1. Just to be sure I understand, how many residues within the range 422-439 are open to solvent by 90 Å² or more (accessible area, probe 1.4 Å) and not in a loop (DSSP other than H, G, I, E, B)?
2. Quick check on residue 250: is it on the phi < 0 side of the Ramachandran plot and touching a Phe, Trp or Tyr at 6+ places or on another chain (Cβ under 8 Å)?
3. Run down 288, 276 and say which single residue is buried (at least 19 other Cβ atoms within 10 Å of the Cβ) and within 23 Å of residue 77 (Cβ to Cβ).
4. Only one of 406, 389 is at pLDDT below 95 and polar (S, T, N, Q); which?
5. Which pairs do you get when a residue that is open to solvent by less than 10 Å² (accessible area, probe 1.4 Å), found in the range 180-200, comes within reach of a residue that is part of a helix (DSSP H, G or I) and among the acidic types (Asp, Glu), reach meaning Cβ atoms under 6 angstrom, with the pair 6+ apart or on two chains?
6. On the given criteria, is residue 22 at pLDDT 95 or above, touching a helix residue (DSSP H, G or I) at 6+ places or on another chain (Cβ under 9 Å) and surrounded by 13 or more Cβ atoms within 10 Å (Cβ to Cβ)?
7. Among residues belonging to the range 4-15 that are over 12 Å from residue 140 (Cα atoms) and within 16 Å of the ligand (Cβ to nearest atom), point out the one that is most open to solvent (accessible area, probe 1.4 Å).
Amino acid sequence: MSLADFGLIGLAVMGQNLVLNVESRGFTVAVFNRTTSVTDEFVAKHPGKKLIGAKTLEEFVQSLKRPRKIQIMVKSNAVGAADRDAVDAVIEQLIPLLEPDDIIIDGGNSFYLATERRDAYLASKGLRFIGAGVSGGEEGARKGPSIMPGGPASTWEVMKPIFESIAAKVDGEPCVIHIGPGGAGHYVKMIHNGIEYGDMQLICEAYNIFKHAGFTTDEMAAVFNQWNEGDLQSYLIQITGKALEQKDPETGKSVVELIVDKAGQKGTGQWTLLNAAENAVVISTINAAVEARILSSQRQQRLAASTELQGPAVSLGSDKAALVQKVHDALYASKIISYAQGLDLIKTTGEKKQWGLDLGRIAAIWRGGCIIRARFLNRITDAYRGNPTLVNLMLDPFFKDVLNKTQQHWREVVSLATLNGIPVPAFSASLGYYDSYRAARLPANLLQAQRDFFGAHTYERLDKPAGEFFHTDWPEVIG
Ligand code: 2AM
């Protein structure tokens with residue numbers, strides 16, 4: 001067989017599906033897995049496909065056309081820039097086998113600072129590196145994911161034909177662009193995951209309100225299916241409707257209602273929170289979503305507290321159609337806030353790192369392939385095309401109008417849920433952000449007084465020029 005166009009290391013499900021995707025676009029693919037039997041079984045399972053199964057890394061490297069393009073899809077679990085993981089182990093094994101200008105692509109969920117470290121390290125060895133976020137789960141990997149590659153523009157140009165052919169397509173446009181240099185690709189993928197946490201939690205809060213209002217799972221499924229035809233159309237709304245329809249063959253009950261309410265997480269949401277804190281950017285909706293997963297995982301404590309701590313009697317009225325409309329609006333508005341916050345974080349970091357990010361094009365590649373794909377993303381692209389220096393998504397004329405029209409229902413839902421003791425941390429965090437952001441005057445004047453009182457931190461005055469600082473001799477407090 002002729003030399004391969006592309007090589008992939010790590011044949012777990014995502015790796016296997018990506019290989020089949022690349023192969024299906026006409027490329028010959030070399031594959032390698034640490035456990036050789038996995039490689040053998042994979043190649044044997046796909047007779048007639050343009051696959052080269054290598055038993056050793058040497059054989060794998062030699063089977064590739066130059067410059068070699070090698071994607072690593074191994075478990076990445078480094079949580080800090082300096083942590084070494086399987087990606088580093090594979091890179092170290094590859095280095096002595098490669099030749100100048102060969103390209104290594106890390107397609108796992110690596111921490112973006114680890115990507116920057118690897119980028120610099122490989123450059124010092126005369127090799128090229130791309131840190132690419134790949135979203136879309138198993139199905140996306142097979143049929144077309146959203147790909148967020150970061151690294152030098154010149155390396156992107158070499159990878160572009162393969163990436164564009166395997167990526168999802170929306171309106172004929174591939175869901176991949178060169179995000180920016182260094183760790184920009186993995187960074188944007190990390191925030192994408194944070195936004196995904198927000199979307200998922202908001203949907204779960206809507207479901208929880210319906211459940212407390214006495215909706216059956218079939219009624220709820222119908223609501224989500226109907227929402228999927230409108231402004232809220234998205235993959236996550238779609239799968240929510242389908243999940244709620246699913247019945248357990250053993251008991252005939254709803255599968256969703258049989259699932260233990262303990263959410264798992266792999267860490268990208270927490271990384272997003274840490275990054276927001278470091279950059280002093282508010283992402284309260286995503287924050288609430290991550291914390292909701294943490295509280296859900298403390299199930300034993302919650303079960304104990306449920307008999308100890310009191311809440312109100314639940315009474316949500318009987319007008320289900322009206323409730324559906326209100327929750328729809330609360331979800332729509334909160335989702336806008338969540339994206340406004342996530343994009344603010346991307347913008348802030350992008351400016352700090354001088355990555356030259358294009359938020360509109362980033363939103364456009366999320367329209368297909370990935371978990372957060374949604375009709376709504378077209379509007380975000382339009383917003384940044386209309387105004388590339390948009391300060392906050394909420395201020396775009398389209399979104400401003402939606403927030404204005406939905407806010408009454410949004411407030412009613414947050415109030416209703418709160419009065420009934422139904423937790424809506426992401427709905428209410430979003431509303432709190434909206435109301436804080438639009439406040440011409442916040443109570444931080446009192447806060448400054450407190451700081452000056454106990455720590456002589458000084459304050460500025462409304463009636464004096466900015467930058468002039470004052471201190472008051474506050475009365476002494478005894479005891
Ligand atoms: P394995 O089949 O030999 O375990 C997901 O875990 C994928 O990453 C698998 O293909 C796994 O290979 C691979 N992987 C995990 N750690 C690795 C390492 N240190 N070196 C090479 N491959 C590794």
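The values are calculated or read from the model by the stated rules, or taken from the named source; none is laboratory data. The structure displayed is predicted, hence computed values, not measured ones. Every residue, glycine as well, gets a Cβ built from its backbone with ideal geometry; the counts of neighbours run over all protein chains shown. Ligands, DNA and RNA are stripped out before the accessible areas are found, and what is left, the full protein with its side chains, is counted by its heavy atoms. Shrake-Rupley method; radii C 1.70, N 1.55, O 1.52, S 1.80 Å.
1. The total comes to 1.
2. No; evaluated as a whole, the condition is false for this residue.
3. Just one listed residue meets the conditions, 276.
4. Within the list 406, 389, the selection yields 389.
5. Close Cβ pairs (under 6 Å, with a partner that is part of a helix (DSSP H, G or I) and among the acidic types (Asp, Glu)) amount to 183/116.
6. So residue 22 fits the description; yes.
7. So the residue we want is 12.
Each row is one residue, and each column tells you yes or no for (1) at pLDDT 95 or above; (2) away from the ligand (no atom under 16 Å from the Cβ); (3) assigned by TED's automatic domain parsing to the domain that holds residue 11.
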{"residue": "80", "(1), (2), (3)": "no, yes, yes"}
{"residue": "93", "(1), (2), (3)": "yes, no, yes"}
{"residue": "106", "(1), (2), (3)": "yes, no, yes"}
{"residue": "143", "(1), (2), (3)": "yes, yes, yes"}
{"residue": "150", "(1), (2), (3)": "yes, yes, yes"}
{"residue": "160", "(1), (2), (3)": "yes, yes, yes"}
